[in-house]
Amino acid sequence: MHYCVDKNQEWEVVEEGHICRKIKSYDNNLMVVDVSFEDEAVGAEHEHPHEQISYCLDGIFDYSIEDKIYRLEKGDTIFVPKGLRHGCKLLSSKGRLIDIFTPYREDFVNVDEK
């Protein structure tokens with residue numbers, strides 16, 4: 001998917017009532033995902049073989065990488081090396097992150113659409 005018109009795209013529910021996402025443009029090497037959080041949502045700790053950058057569009061998050069906590073506020077970014085455990089907790093009522101992955105997250109898309 002090389003071109004995405006935001007108003008034509010629906011939010012995909014990741015966690016009912018708390019976390020939704022829109023997968024934006026991507027190819028085999030790069031992916032951009034818009035993630036919306038509400039009501040003290042927690043992005044569960046996990047790890048994956050992708051490098052990731054998270055950009056805070058709105059809200060306040062405690063973002064963990066391994067055993068260290070970083071505070072992210074609007075305009076802040078964080079880099080997550082591949083294979084490290086990470087997650088986040090929303091501290092404000094609402095928040096949004098733009099997540100950028102390399103390579104793309106095959107587990108986020110229907111491979112038949114690619």
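The values are calculated or read from the model by the stated rules, or taken from the named source; none is laboratory data. Predicted, not measured: the structure shown is a model, and the values here were computed from it. Using ideal geometry, Cβ is built from the backbone for each residue, glycine included, and neighbour counts are taken over all protein chains shown. Only protein heavy atoms, including side chains, enter the accessible area calculation; ligands, DNA and RNA are left aside. Shrake-Rupley method; radii C 1.70, N 1.55, O 1.52, S 1.80 Å.
Screening VAL33 with (1) touching a residue at least 40 places away in the same chain (Cβ under 8 Å); (2) touching a His at 6+ places or on another chain (Cβ under 7 Å) gives one miss only, at (2). Does THR102 meet the test of being surrounded by fewer than 14 Cβ atoms within 10 Å (Cβ to Cβ), modelled with pLDDT of 95 or more and of a type in the set (Ser, Thr, Tyr)? Here the answer is no, as THR102 does not meet what is asked. If you go through region 10-20 and keep only what is in contact with a Phe, Trp or Tyr (Cβ under 9 Å, 6 or more places away or on another chain) and either among the aliphatic types (A, V, I, L, M) or buried (at least 17 other Cβ atoms within 10 Å of the Cβ) (or both), you end up with ILE19, CYS20. Every residue in region 29-83 that is open to solvent by 70 Å² or more (accessible area, probe 1.4 Å) and among the hydroxyl-bearing types (Ser, Thr, Tyr), please. Answer for region 29-83, where residues must be open to solvent by 70 Å² or more (accessible area, probe 1.4 Å) and among the hydroxyl-bearing types (Ser, Thr, Tyr): TYR55, TYR70, THR77. For region 10-40, a residue qualifies if it is among the small types (Gly, Ala, Ser) and within 13 Å of the chain's Cα centre (by Cα), and exactly one does: SER36.
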